[in-house]
1. Ranking request for peptides 237-247, 114-124, 153-163, 72-82: highest mean number of other beta-carbon atoms within 10 Å first, then the rest in descending order.
2. Sorting Asp217, Asp91 on the 10 Å Cβ count, fewest up front, what's the list?
3. Please express the shape of region 66-241 as an equivalent ellipsoid: the semi-axes are the square roots of 5 times the eigenvalues of the C-alpha gyration tensor, given largest first in whole angstrom.
4. Filter the cross-link list Lys175/Lys208; Lys160/Lys208; Lys143/Lys240; Lys100/Lys208; Lys158/Lys208 down to pairs whose alpha-carbon distance in this structure exceeds 30 Å.
Amino acid sequence: MVSKSKLSNTDKKSKVTGASFCWECACVNGYLESFRNGKRAMKYFFIALTLLLSEAAFGQTKRPVWTPQEREALIEGLQSSQNDLLREAQDLTQNQIRFKPDSASWSVAEVVEHLAIYDELLYWDLLNKQYSPEMPEWVDKVKGLDSIMIAYTDDPVKLKAPFIAQPLGRFPNGKDVLGYFNRYRNELIKLIGETDTDFRMHFVFRSKDAGVWRVRDLHQYTLLWIAHTQRHTNQVRRVKAHHNFPK
């Protein structure tokens, strides 16, 4: 028989050994859990760091080039050129608005229709170009073109309107043709006032034979059509000053 004392000692030894084994498991498990937590913490750290760096880079590339002052200049230019044209054309009689100085010249109604066609084209160009990729590599290449676009108002060189922009006499009276012009001019003003697009980072491209007009940013593109309106408003004034203009 085994004595109780021996049984007690054996039992104690077994208990101590079992307790010792459990502590070792706990230590190993704790180490593994700490290791896992450490890996997880490092993973979250690198994710956060990547997001911060990405945000910083994004902030740099998204810094606007087109200024609020430039936006306001476009809106003011569109509104003032619109008002100038309306002052010259809206109170004319049917005979006056359809008068042509000669067979090769346009009437006031045809001038307004021509301007309205271009405003419609400009509206769709600006609307769709908002979804084109930003092209920062072109920003410096077109600097200095603003003044050239503005100078088109008084450019002595006369250009022939392309087929798509030639007036067709589609409107029976002056009110209708002016309504066509106002419709797209007002939409242009609204679009430019509300857009989130950087007009200095998006571009229009034309064929190589377009010369200085081959590549322009959207701000410059709009400046040209403001000048275009002013140019043709001067043409309306010349028509009205003709010695045969109906009274």
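The numbers here are math on the coordinates, done by the rules we state, and not lab data. Not measured: the values here are computed from a predicted model. Quick reminder, even Gly has a Cβ in these numbers, built from the backbone with ideal geometry, and neighbours come from all protein chains shown.
1. Per-residue Cβ counts within 10 Å, averaged per peptide and sorted highest first, yield 114-124, 72-82, 237-247, 153-163.
2. Ordered by Cβ neighbours within 10 Å, fewest first: Asp91, Asp217.
3. Working through the eigenvalues yields semi-axes of 29, 17, 14 Å.
4. Lys175/Lys208; Lys143/Lys240; Lys100/Lys208
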